[in-house]
Amino acid sequence: MSEDKIGWIITLPPLAHVETQQLMINAAIEAGISEEHLLVVTETDATVALCRSEIGMPTIQCGARVLILDLGSGSFDVCVYEVQDDQSLKIQLNSSCPAVGWPQIQDAFEEIFIDIVGNRVFRQYCNEHPEERKNWLEYLFRKICFGSEVQRKYMIIELPMDLLNVLYNETGKMFSELVCQSNLSDSLNCPTYDKLKISLPVLHKIFDIPIQEIKYHVNRVTEMERMGSLSNIIITGGIIQSEIIQLRIKQLFHDDDTNIIIPKDVGFAVLRGAIAIGMS
């Protein structure tokens, strides 16, 4: 395929300044990409394009506003667009907050482990086995995002082996023993020595933390900017792949007049939206 038949698209965060966009354009040109074959779009524009091309986002009344929530790993972006006569979107608000979602869920899970094994043992594990802790947290993220706990009413997670070893070496006790003695013994149990079964109510309580953070930031942004009611909401971000998070967010914004859109395979929403823009 000849180079003149290849188009290149770079996606940037919604708050990327003009200088940042130009920096990326210059870097692409230096890398050998022709500027006439290069398109720079924001992640929110790509998300909207995906919703319109693949999901069939309905025609929205002129003057209505669309709220886009992007729960990325590094930030929580809140954008509001106003629908124009031709159904194009004019940006009304662009705001970025500290990351919401996974950081709070990770902290809540680790607090449960601290309550069970004690702060000293857990900190020793973190200090002596940082790589296993990192891998275990990545495993936990995938478990939360791609599990089907809503149907099963519980979640079973694998326990980090080095944590079990540190616990036994320091206290002579098994993890399952301490679970039975903990305040959460009615909601947690160990079906095997290296697994922990967590009931759905406990998971909902864990997920309530980021959900309330989302509610706070959305209310704060919309009230400060006097946005009023927003009846069209598009939600993206890696953690939104979780069925439980989707359910809790839909409950949070539940309203007869609210149209909540969560793209399929939401982890790839920006990529697929950029392709939709490139093919249009």
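The values are calculated or read from the model by the stated rules, or taken from the named source; none is laboratory data. Since we're looking at a predicted model, the values are computed, not measured. Note that each Cβ is placed from the backbone with ideal geometry, even for glycine, and that neighbours are counted across all protein chains shown. Surface accessibility is based on the protein's heavy atoms, side chains included, excluding ligands, DNA and RNA. Shrake-Rupley method; radii C 1.70, N 1.55, O 1.52, S 1.80 Å.
Under 7 Å between Cβ atoms, which residue pairs at least 6 apart in sequence (or on different chains) link something in the range 1-26 that is more than 23 Å from residue 71 (Cα to Cα) with a partner that is surrounded by fewer than 16 Cβ atoms within 10 Å (Cβ to Cβ) and among the charged types (D, E, K, R)? Going by the 7 Å Cβ cut-off, the qualifying pairs are 25/35.
Please tell me if residue 54 is part of a strand (DSSP E or B), modelled with pLDDT under 90, acidic (Asp, Glu) and touching a Lys or Arg at 6+ places or on another chain (Cβ under 9 Å). In short, no. One residue stands out among those in the range 68-102 that are over 14 Å from residue 42 (Cβ atoms) and of a type in the set (Val, Ile, Thr): the one that is farthest from the chain's Cα centre (by Cα), which is 83. Screening 270, 221, 202 for residues that are at pLDDT below 80 and surrounded by 17 or more Cβ atoms within 10 Å (Cβ to Cβ) leaves exactly one candidate, 221. Kindly provide the set of residues from the range 172-199 that are outside any loop (DSSP other than H, G, I, E, B) and open to solvent by 60 Å² or more (accessible area, probe 1.4 Å), ordered by number. 177, 180, 181, 189, 195, 197, listed by residue number. Right, residue 232: at pLDDT below 80, closer than 19 Å to residue 44 by Cβ, open to solvent by 40 Å² or more (accessible area, probe 1.4 Å) and of a type outside the set (D, E, K, R) or not? Considered against the rule, which asks whether it is at pLDDT below 80, closer than 19 Å to residue 44 by Cβ, open to solvent by 40 Å² or more (accessible area, probe 1.4 Å) and of a type outside the set (D, E, K, R), residue 232 comes out as no.
Restricting attention to the range 92-102, the residues that are surrounded by fewer than 20 Cβ atoms within 10 Å (Cβ to Cβ) and touching a residue at least 40 places away in the same chain (Cβ under 8 Å) total 6. Of all residues in the range 236-267, those satisfying the criterion of being at pLDDT below 85 and in a strand (DSSP E or B) are 259, 260, 261.
For the range 22-49, the set of residues classified as part of a helix (DSSP H, G or I) and exposed (fewer than 15 other Cβ atoms within 10 Å of the Cβ) consists of 22, 23, 26, 27, 29, 30, 35, 36, 37, listed by residue number. Those residues that are within 28 Å of the chain's Cα centre (by Cα) and open to solvent by less than 90 Å² (accessible area, probe 1.4 Å), I need them from the range 1-21; list them, please. Matches in the range 1-21: 9, 10, 11, 12, 13, 14, 15, 16, 20, 21.
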